[in-house]
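Read the structure below first, then the notes.
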There are 4 protein chains.
Amino acid sequence: MRIGILTGGGDCPGLNAVIRAVVRKATASGDEVVGFRDGWRGLLEDDAVPLDLAAVRGLLPRGGTVLGTSRTNPYALEGGPERVLGCLAAHGIDALVPVGGEDTLGVAAKLADSGAGVRVVGVPKTIDNDLDGTDYTFGFDTAVGVAMEAIDRLHTTGDSHHRTLVVEVMGRHAGWIALHAGMAGGANVVLVPERPFDVDAVVAHCLHRFESGYSPIVVVSEGARPADGELVTSTGQTDAFGHVRLGGIGAALAAVLEERTGRESRAVVLGHVQRGGTPSAFDRVLATRFGLAAVDAVQAGLSGVMVALRGTDVVPVPIAEATARLKLVPLERYAEAEVFFG
Amino acid sequence: MRIGILTGGGDCPGLNAVIRAVVRKATASGDEVVGFRDGWRGLLEDDAVPLDLAAVRGLLPRGGTVLGTSRTNPYALEGGPERVLGCLAAHGIDALVPVGGEDTLGVAAKLADSGAGVRVVGVPKTIDNDLDGTDYTFGFDTAVGVAMEAIDRLHTTGDSHHRTLVVEVMGRHAGWIALHAGMAGGANVVLVPERPFDVDAVVAHCLHRFESGYSPIVVVSEGARPADGELVTSTGQTDAFGHVRLGGIGAALAAVLEERTGRESRAVVLGHVQRGGTPSAFDRVLATRFGLAAVDAVQAGLSGVMVALRGTDVVPVPIAEATARLKLVPLERYAEAEVFFG
Amino acid sequence: MRIGILTGGGDCPGLNAVIRAVVRKATASGDEVVGFRDGWRGLLEDDAVPLDLAAVRGLLPRGGTVLGTSRTNPYALEGGPERVLGCLAAHGIDALVPVGGEDTLGVAAKLADSGAGVRVVGVPKTIDNDLDGTDYTFGFDTAVGVAMEAIDRLHTTGDSHHRTLVVEVMGRHAGWIALHAGMAGGANVVLVPERPFDVDAVVAHCLHRFESGYSPIVVVSEGARPADGELVTSTGQTDAFGHVRLGGIGAALAAVLEERTGRESRAVVLGHVQRGGTPSAFDRVLATRFGLAAVDAVQAGLSGVMVALRGTDVVPVPIAEATARLKLVPLERYAEAEVFFG
Amino acid sequence: MRIGILTGGGDCPGLNAVIRAVVRKATASGDEVVGFRDGWRGLLEDDAVPLDLAAVRGLLPRGGTVLGTSRTNPYALEGGPERVLGCLAAHGIDALVPVGGEDTLGVAAKLADSGAGVRVVGVPKTIDNDLDGTDYTFGFDTAVGVAMEAIDRLHTTGDSHHRTLVVEVMGRHAGWIALHAGMAGGANVVLVPERPFDVDAVVAHCLHRFESGYSPIVVVSEGARPADGELVTSTGQTDAFGHVRLGGIGAALAAVLEERTGRESRAVVLGHVQRGGTPSAFDRVLATRFGLAAVDAVQAGLSGVMVALRGTDVVPVPIAEATARLKLVPLERYAEAEVFFG
């Protein structure tokens, strides 16, 4: 059997661990693996590389993806799906393992339904942890760890200068990274996209923290927004349609908090550091298990499924079920973080 | 309400995070918390300390337990249970939250059944991850991370010297740390207590690894043993009843592998470094949620239960159910690691 | 003898280690230590705290400064120096150990010259490593380490997305952090304030790197500037007097590189994470030795000096000599980094 | 010009950084580099590999040495030096850069004196930091950092269990790692080979520490020994000629301290973890500068020298001078650590 593999969408620690596991498991069974470069682009433009044991040596601890990635969507291109199927046929691919998020898995589901005879088994990937159908995705734990270490470091500089520090983390639609990094880092406020925030309450928490003799850390998802839609200082330098777009919610919020609390405030935007670099142990194990389970599913003749973590088990679930809706932070999880506000 | 808390058994990253969460949550509800020092010893000898917000400030990232710990078992002492109940009554304790492993939770279950009217809600703790009834316990992820970082470091020194490195990790009865650290660290062999090992097979994996131009890393649980009960070199310097007892399975196995493979071998025993120090993000979040859920359970009037992780939820389960048997590494999980042997 | 201590200017990993060492060494000699809060403000407003062994327990690994810090300068205030001397007299201070940068040490030098009879022994502190008179200052190694770890992480995400990543690090006037972090992180271009840069050359290095199949990392000091004074995209969105001021040199340079190379570019601004958190081993040892040497100097009756690292020795040098001019990156050190450009 | 390079003796973080820097610098000047495998063995057995830019890509952060290493000494073999010179001639080598410790540099000095016309420029390497003639060697800072992180972790587990922890670190003849890791980790006792220790004093320090409510950490070099030559428990299980040889000084000392203090004691032997893995920023910069300076020296026509760090400069010094005697921990440096004993 010949198995194709590609990685699409934003990169994520653990992608290389998936690739390695797929190749190790397939090779041990006598199957061959072909990698396609830069996501679906590799299948559209026939950019392929054979993946043997030597090709995946040393990949486990490496961040990113040796296959490269892109946001190319074949269904958005005239004749795209046909070129993909043609390329798969040309390489004699029996089964395809696309590793990616909502978009990549959406294409995977359509391909599986296309009747083309290629089995498709997806591996879910989202650093934001917002894919439904799986308890966790790899990369998330690493991102939370990087953010937590940064917050650990920021506590002492904040306290020394009696300053508010606003830490902006990834999360456009779901606040999982902010929630977990904030809980793990001992944040005094956590703001997530799921809960438009009340600036007055944030100010009150910050002032309460200063009164205790320590300085507040506010962790904010990049997609969090104020409930009334505005973040304005008295000089108008900052608003939701100006500074926020330029500098992000972190910078805007820091400016407003500085004015409202009367204490210096600074923003730190963690950015791409959260998604690069070596995966945590949790993510290496999860990504490896996902890779192994994908080969298991392929070898069992499944298609139209993705592998998913349920409790401690990795199981196949229908792709459609998993991508039907975003997995958001529920109220009760946010309430856990609120216990530590102020 | 007055809530007592104690930590028993071996220490574990995350214990302080549990204590902090219990105090924060209880205080927010108007309840009071009293800590007892060094596990059940604190209740036997009335060694108590009030825990308010100031007492738990800064505890989240700190390893170990500020309450201290011991292996004292009141049921093993004449009049022990009576003294414990007397001490609880003297402090006006309505509910007790013992944080510990099999032994501590066993005492907790008996206390809950004693009809003394004190609610008992346990928090499971085992760095070895071998408590049934919960998907994971805090401390385990940190230990795996520490071991993985050591293995990451050892790969390059092994390769440079063309040496076998045997890494002994914690795990007397269950091989979870070896399994996860080995998978995460790219070990070439993983040996666990659940599967007595065949020395010939280990030798073959090591030789195969050397043939590929790299040097083998063997990860072994401290409780792993050879299937035929002996590890003997030709000079008799090493055997299961001599060197193993003195120097541990790691040293014994390294000696045998050196003789059998004809290549230098060295053992590294990670020891207490695995259980000390700041918890990982995963463990800080899990420990915090366990602490919050324990107070929830207490406030809901539950007793005889412990909090447990099931998927992404923290739920109360009967203590007895959770401690009925050890959670061992199942065959199918070990088979995942075997894909990467050699 | 009674020794006063204060920490001024920006915070830095290692300040607490200095405080601890001063207290431990002085206490062992039977001397007493008094801390003044928030730099010179504590002496102006008589905000003091006795520092005994218990007060410094656990301080070694902690970032920031438990004494707090500020940029208050008594010589900029009417009657400031008199109030400082009055406060020192009121507390019976025989010797003062100000820990700080150019400003703090400048005040220290004036106080030493004031004829007031208080010995003054400074401890140099600058995370930017730009104080002359000492080979290194504590905090610098930690900052370089934090920046290097971020760069290590960014390599894989850059390569996966075929993107240029611009990493902005601290350094307004001197490029030491950029130089060392860039060399340690394998940066493809390093830009420092001492050498106004040629955008064409940066573009050429980036394109050369892409041609080799990898993606460029550009490390830039916050104070680096283009030789011709402008960074402008064709749409005018970015220029040296607009975007640079708002978003910093990193964001401006990324925008220009994206347009000029035709490849996606992203900026990462490391910010306060570089100056917070636990010090590296190098910085803990250096800060500890500085603290010990300051007490040695005080006990030897010296004044008007600061402690300095020369090779492997810590020696007293005149404060004036050390602060006469900024220590900049010399041409030959920058040339070392250039070997690895492109 | 053709430059040969080899790495000998124990491996060390930074060796790959030296190799990369030599190749990058030489290639930029139009020179060629040939690597010899496993130290002098590669020259004895003509095991060579051309090193171009592609060969050294990605090497900077990698621990160990891609060239491999051995302790082979050509001057200990009949006809060894002749074979080495013959191999150098066969490969047209104009200059050789041996990277290693006392033994490797000793061979280098003899080769330089042999009149064979090959320039020899050594690069000093010793993880123990015990080579005279250079302020520091690469690898040392990394080893100290690894040991310090372990000690940081051990403090909390020691305190939780009220146990003495003995941490054995590298250092057969010189105690630099113990001294720096102990100072950086806040050890309560540091024992080095240069100062045979008094067990009674160690016991007293431990008891004093317990009295303060905390648990002692004792850091001991593997080569440290008691002043009276014996470490014996009352049962005779441990002595300087039995247990010490088997289990090392750490285990022996822990056994004696347990008996003498009446408190549980445990030993942790850090072992090879200290010498493997990615180098610290300090070591990456130092190793890179050493590699660059070695090529500078070769290109300047020097021979019989090694590169050395003096203050912040990297300069050539006669090999003989540098290897004439071991660099030991001087009394005044040890006295710094003693301030924090107990």
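Side notes on the structure shown:
- Only one entry in C:R153, C:R195, C:R172 is closer than 19 Å to C:L270 by Cβ and surrounded by fewer than 23 Cβ atoms within 10 Å (Cβ to Cβ), namely C:R172.
- Hey, C:R263 surrounded by fewer than 20 Cβ atoms within 10 Å (Cβ to Cβ) and either assigned by TED's automatic domain parsing to the domain that holds C:V305 or modelled with pLDDT of 90 or more (or both) or not: yes
Residue-by-condition table, conditions (1) surrounded by fewer than 24 Cβ atoms within 10 Å (Cβ to Cβ); (2) outside any helix (DSSP H, G or I); (3) among the acidic types (D, E):
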{"position": "B:C12", "(1), (2), (3)": "no, yes, no"}
{"position": "B:V22", "(1), (2), (3)": "no, no, no"}
{"position": "B:R62", "(1), (2), (3)": "yes, yes, no"}
{"position": "B:E82", "(1), (2), (3)": "yes, no, yes"}
{"position": "B:V97", "(1), (2), (3)": "no, yes, no"}
{"position": "B:T104", "(1), (2), (3)": "no, no, no"}
{"position": "B:A108", "(1), (2), (3)": "no, no, no"}
{"position": "B:G115", "(1), (2), (3)": "yes, yes, no"}
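Yes or no, residue by residue, for (1) under 30 Å from D:F340 (Cβ atoms); (2) in contact (Cβ under 8 Å) with a residue 12 or more places away in the chain; (3) in contact with a helix residue (DSSP H, G or I) (Cβ under 6 Å, 6 or more places away or on another chain):
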{"residue": "C:A252", "(1), (2), (3)": "no, yes, yes"}
{"residue": "C:V256", "(1), (2), (3)": "no, yes, no"}
{"residue": "C:S265", "(1), (2), (3)": "no, yes, yes"}
{"residue": "C:V273", "(1), (2), (3)": "yes, yes, yes"}
{"residue": "C:G277", "(1), (2), (3)": "yes, yes, yes"}
{"residue": "C:L292", "(1), (2), (3)": "yes, yes, yes"}
{"residue": "C:G301", "(1), (2), (3)": "yes, yes, no"}
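- Here the condition is being of a type in the set (D, E, K, R) and out of contact with any Ser or Thr (no Cβ under 9 Å at 6 or more places or on another chain); of D:D47, D:D130, D:D52, it holds for D:D47 alone.
- Scope the stretch A:127-157; condition within 9 Å of another protein chain (Cβ to nearest Cβ) and without any contact (Cβ under 8 Å) to a residue 60 or more places away in the chain; matching residues: A:V144, A:M148, A:E149, A:D152, A:R153, A:T156, A:T157
- Residue in the stretch C:202-222 that is assigned to a helix (DSSP H, G or I) and under 22 Å from the mean Cα position of the chain (by Cα) present: no
- For the stretch B:16-49, the candidate set comprises residues that are acidic (D, E) and within 20 Å of D:H162 (Cα to Cα); within that set, the residue that is farthest from the other protein chains (Cβ to nearest Cβ) is B:D46.
- Of the criteria (1) surrounded by 24 or more Cβ atoms within 10 Å (Cβ to Cβ); (2) of a type in the set (S, T, N, Q); (3) more than 25 Å from the chain's Cα centre (by Cα), which one B:S29 fails: (1)
- Count of the stretch B:1-10 residues which are surrounded by 24 or more Cβ atoms within 10 Å (Cβ to Cβ) and away from chain D (no Cβ under 13 Å): 3
- Residue among D:V329, D:V298, D:V314, D:V307 that is β-branched (V, I, T) and assigned to a helix (DSSP H, G or I): D:V298
- Lone unmet requirement of (1) in contact with a Lys or Arg (Cβ under 6 Å, 6 or more places away or on another chain); (2) of a type outside the set (A, V, I, L, M, F, W, C); (3) modelled with pLDDT under 95 for C:P216: (3)
- The stretch C:317-330: number of residues that are of a type outside the set (V, I, T), surrounded by fewer than 20 Cβ atoms within 10 Å (Cβ to Cβ) and modelled with pLDDT of 95 or more: 3
- The combined condition, being outside any helix (DSSP H, G or I) and either of a type in the set (V, I, T) or away from every other protein chain (no Cβ under 14 Å) (or both), is fulfilled by C:V66.
- Residue identified as on the phi > 0 side of the Ramachandran plot and touching a helix residue (DSSP H, G or I) at 6+ places or on another chain (Cβ under 7 Å) among D:G4, D:G14: D:G14
- Condition broken by B:F340, with the remaining ones in (1) within 30 Å of B:H205 (Cα to Cα); (2) more than 14 Å from chain A (Cβ to nearest Cβ) satisfied: (2)
- Filtering the stretch A:271-289 to residues that are more than 8 Å from chain C (Cβ to nearest Cβ) and either closer than 21 Å to A:D152 by Cβ or charged (D, E, K, R) (or both) leaves A:Q274, A:P279, A:S280, A:A281, A:F282, A:D283, A:R284, A:R289.
- Verdict on D:G35 being within 30 Å of B:A150 (Cβ to Cβ) and touching a strand residue (DSSP E or B) at 6+ places or on another chain (Cβ under 8 Å): yes
- Qualifying residue in the stretch B:156-167 (condition: assigned to a helix (DSSP H, G or I) and of a type in the set (A, V, I, L, M)): no
The values are calculated or read from the model by the stated rules, or taken from the named source; none is laboratory data. Computed from a predicted structure; not experimentally measured. Don't worry about glycine lacking a Cβ; one is built from the backbone with ideal geometry, like all the others, and counts go over all protein chains shown.
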